[in-house]
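**Student:** Before I ask anything, here is the structure I am working with.
The values are calculated or read from the model by the stated rules, or taken from the named source; none is laboratory data. Keep in mind that what you see is a predicted model, and the values were worked out from it rather than measured. All Cβ positions, glycine included, derive from the backbone under ideal geometry; neighbour counts span all protein chains shown. Ligands, DNA and RNA are excluded from the accessible area calculation, which covers all protein heavy atoms including side chains. Shrake-Rupley method; radii C 1.70, N 1.55, O 1.52, S 1.80 Å.
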Amino acid sequence: MVMKNVVKTACAAVTLALCALALVGCAQAKVADDSPRVVDVRLSSASAMTEPSQDVEVKLVFDQPVSVAADAADDFEVLLNGSPLDGGAVALDVRGSADGVTFVLHPASSASTAGGKGTFFALYQSGFSVAAKRADGALPSVTAASGSCAVLDAPVTGTLPSGLAIEVIDARAGSAQDNLPAQTSFKVTSPALVRAITWFSPDGGATKLLKHNHTFADADAQDCAADLAKVVGETTGLGIVAKASGDTVTLTATAVSDGQTIDPVVVEGVGVEGGTYDASQGTGEGA
C-alpha cells in the first residue's frame, strides 16, 4: 500500500510539472509573421531648467497597437555611451503605451540636486543604445492583439538630444565674381535643457565640435550662442570664423570659394554619432 501511494504521489508530481510547463509554453508569446516591429523612434529632452526636472526620452513606436507588460524593462538592454547606466546618477523608467515603449532617463533619487560637489545626472557624450536581450530580438512582454510578441531586429542607436536647438535665418554661398565668402547666420531657439554634450557641426556634419553644458540651468539662448561661437573660434583648420550677437551666431568663411555653403547643424538623432569626447575637458559635473 505504501509503495502504491509513493507511485501515485510521484505520478501526480510529474503530471503537475508537465501541466506547469504546458502553461508556461502557452503563456509565452511567440514571434510570428504578424509580430509588431519598430517603425519609428522619437527622441526628446525637457526640463524646467532645474536638476530634478531633467528628462530624456527614447520612444520605440511599433507598426500596430501593442500591449506592454509591467516587466517590459526585462526584455531590453539600455546602454549609455556603451555602458550600463550609472544607477547612482541616472535612473531609467520604462513605460508602455498603445503604440510603443518609452525609455525615460532622469536623475536618480541619489543624484545631487544642488551646485557644488556631488554625483550629478549627466549624459556626457549622449550615445545611446536600446537592444533586445534575446538574440532573436523577441520582446515577450510586448505583444500584438493576436498574441504574437514584438521584435526588435537590431539595436536602436544614436545621439540623445541636449535640447539645444538652432534655426538658420540667413545664408549666402561663396561668390568668386562678387569676392564674397560663404556666410550663414543662425539663431539659438532653445538652450540646452539637460546636462549633456551638445554636438555642433558648422559644416553639415563633417566636423563635429562639442559644447559642454555643465551649468545648463543657468544658461539661456544668448549664453549658448556665445559658447558655440567660442567653440568654433577655438578650433583650428576650420576655415570659418564665428561671431555671436545676442542669440544669433554668424559663421563666415575665411577665404572666398565659389559656391561654398556653410551648413550649421546640431548632430543628434537616431543612427547619428557624436564626435570624440575628451574626458580631460570635463568637470565633476559631467557634460
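**Student:** Checking the structure you have, find out if any residue of the stretch 126-136 is under 20 Å from Lys30 (Cβ atoms), small (Gly, Ala, Ser) and part of a loop (DSSP other than H, G, I, E, B).
**Tutor:** Checking the stretch 126-136: at least one residue is under 20 Å from Lys30 (Cβ atoms), small (Gly, Ala, Ser) and part of a loop (DSSP other than H, G, I, E, B).
**Student:** Among residues belonging to the stretch 239-249 that are surrounded by fewer than 21 Cβ atoms within 10 Å (Cβ to Cβ) and either of a type in the set (D, E, K, R) or touching an Asp or Glu at 6+ places or on another chain (Cβ under 8 Å) (or both), point out the one that is farthest from Thr276 (Cα to Cα).
**Tutor:** Checked the stretch 239-249; the qualifying residue farthest from Thr276 (Cα to Cα) is Asp247.
**Student:** With respect to the numbered conditions (1) farther than 13 Å from Pro107 by Cα; (2) surrounded by 15 or more Cβ atoms within 10 Å (Cβ to Cβ); (3) under 18 Å from the mean Cα position of the chain (by Cα), which one is the sole condition not fulfilled by Val66?
**Tutor:** Checking Val66 against (1) farther than 13 Å from Pro107 by Cα; (2) surrounded by 15 or more Cβ atoms within 10 Å (Cβ to Cβ); (3) under 18 Å from the mean Cα position of the chain (by Cα), the one that fails is (3).
**Student:** I need the full set of residues from the stretch 173-202 which are over 18 Å from the mean Cα position of the chain (by Cα) and of a type in the set (Phe, Trp, Tyr), in order please.
**Tutor:** Phe186
**Student:** Quick one: how many residues across the stretch 36-81 are more than 28 Å from Ser112 (Cβ to Cβ) and not in a strand (DSSP E or B)?
**Tutor:** Adding up the residues that qualify gives 11.
**Student:** Taking only the stretch 128-142 into account, find how many residues are buried (at least 21 other Cβ atoms within 10 Å of the Cβ) and not aliphatic (A, V, I, L, M).
**Tutor:** Number satisfying all stated conditions: 2.
**Student:** If we scan the stretch 226-242, do we find a residue that is among the polar types (S, T, N, Q), out of contact with any Pro (no Cβ under 7 Å at 6 or more places or on another chain) and closer than 28 Å to Met49 by Cα?
**Tutor:** Looking for residues that are among the polar types (S, T, N, Q), out of contact with any Pro (no Cβ under 7 Å at 6 or more places or on another chain) and closer than 28 Å to Met49 by Cα, one finds none in the stretch 226-242, hence no.
**Student:** Of all residues being hydrophobic (A, V, I, L, M, F, W, C) and free of Cβ contacts under 8 Å to residues at least 40 places away in the same chain in the stretch 92-111, which is least open to solvent (accessible area, probe 1.4 Å)? Just the residue, please.
**Tutor:** Ala108
**Student:** Can you name every one of the strands (runs of 3 or more DSSP E) wholly within the stretch 161-238 that holds 1 or more residues which are open to solvent by 20 Å² or more (accessible area, probe 1.4 Å)?
**Tutor:** Details: elements: 165-172, 183-190, 198-201, 209-211.
The qualifying strands (runs of 3 or more DSSP E) are 165-172, 183-190, 209-211.
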